[in-house]
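These notes are about the structure you will find just below.
The values are calculated or read from the model by the stated rules, or taken from the named source; none is laboratory data. Since the structure is predicted, the reported quantities are computational estimates derived from the model, not experimental observations. Heads up, the Cβs are rebuilt from the backbone with ideal geometry, glycines too, and the neighbour counts pull from every protein chain shown. What goes into the accessible areas is simple: the full protein's heavy atoms, side chains included, and nothing from ligands, DNA or RNA. Shrake-Rupley method; radii C 1.70, N 1.55, O 1.52, S 1.80 Å.
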Amino acid sequence: QDFLWLGHIQATMGNVDDAEKSLRRAIKLADDVPTPWVDLIRHLRQTGQNEKVATAIRQAEQKVAPGDSPLEMARWYETIGQIDQAEQQYFVALAVATDDVSVQRAVANFYLTTNRPQRAETQLRSIIDPELKAKADDIAWARRNLALMLSQRRGYKQYKEAVSLIEQNLQTDS
């Protein structure tokens with residue numbers, strides 16, 4: 001994992017080549033794990049190295065077993081722009097870990113970033129539901145995102161609920 005962090009730091013500092021080397025080193029240590037591949041592909045895509053992106057995708061597909069980590073695979077597909085495959089992997093991740101708040105949050109975030117507010121709302125409400133027993137930080141995050149979504153609908157009922165959600169966060173913070 002430290003090579004992943006090193007790669008991120010190098011990329012942030014503009015050391016594109018060193019970042020790629022560090023990410024590839026992380027892959028050599030765990031070439032059957034999706035996370036280093038996701039980070040490398042994201043880096044290559046962000047730096048406009050599209051030929052390398054295609055090559056890395058082919059290599060990753062040969063090394064990573066699709067069912068090993070559905071959440072990581074979902075993030076990988078999302079990174080390379082294959083939204084339908086990403087959504088399928090998010091469904092698998094939810095099925096495997098129904099009560100895992102980190103999975104619920106990742107799925108909600110996926111729907112938020114892919115502009116699917118109705119689906120995001122379902123996940124956000126699930127995180128807020130007391131039966132899930134989410135941590136206070138996760139609940140606050142879900143309330144904020146749900147409030148923002150509701151406020152964008154511009155109806156009075158949605159406005160009142162959005163304000164109420166934020167007020168609940170404020171009460172929790174005090």
Quiz item: Of all the accessible heavy-atom surface of region 68-118, with the other protein chains kept in place and a 1.4 Å probe, what percent is carbon and sulfur?
Solution: 46
Self-check item: Rounded to 10°, Cα long-axis angle of helix 2-12 versus longest principal axis of the chain
Solution: 80
Quiz item: At a Förster distance of 45 Å, what's the computed FRET efficiency of residue 153 paired with residue 63, Cβ-Cβ distance as r, to 0.05?
Solution: 0.55
Self-check item: Out-of-range pairs (alpha-carbon distance over 30 Å; input 133/160; 63/133; 135/157; 21/133)
Solution: 63/133; 21/133
Quiz prompt | Which of 77, 90 is most accessible, then next, and so on - probe 1.4 Å | solution = 77, 90
Practice problem: With a 1.4 Å probe and every protein chain left in place, work out the accessible area per residue of region 133-174 in Å², rounded to a whole number. | Solution: 73
Quiz item: From the list [x] 56, 34, 30; [y] 58, 47, 26; [z] 51, 35, 28, can you say which value of Cα extents along the principal axes in Å was derived from the structure given?
Solution: [z]
Quiz item: About its Cα centre, how strong a charge dipole does region 1-134 have in debye, to the nearest 20, once Lys and Arg get +1 and Asp and Glu get -1 at the Cβ?
Solution: 260
Quiz item: Which distance in Å, rounded to a whole number, links the C-alpha centroids of region 118-174 and region 4-67?
Solution: 35
Exercise. Kindly express, to the nearest 10 degrees and within the range 0 to 90, the angle between helix 117-128's C-alpha long axis and the longest C-alpha principal axis of the chain.
Key: 70
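Taking only DSSP H segments of four or more residues, each worth -39500 (n - 2.57), what value at 222 nm results for the chain once the sum is divided by all its residues, to the nearest 500 deg cm²/dmol? Walk me through the intermediate numbers first.
Working: 10 runs with 137 residues, N = 174.
It lands at -25500 deg cm²/dmol.
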Quiz item: Nearest 10 degrees, 0 to 90: what angle lies between the long axis of helix 83-96 and the longest principal axis of the chain (Cα atoms)?
Solution: 70
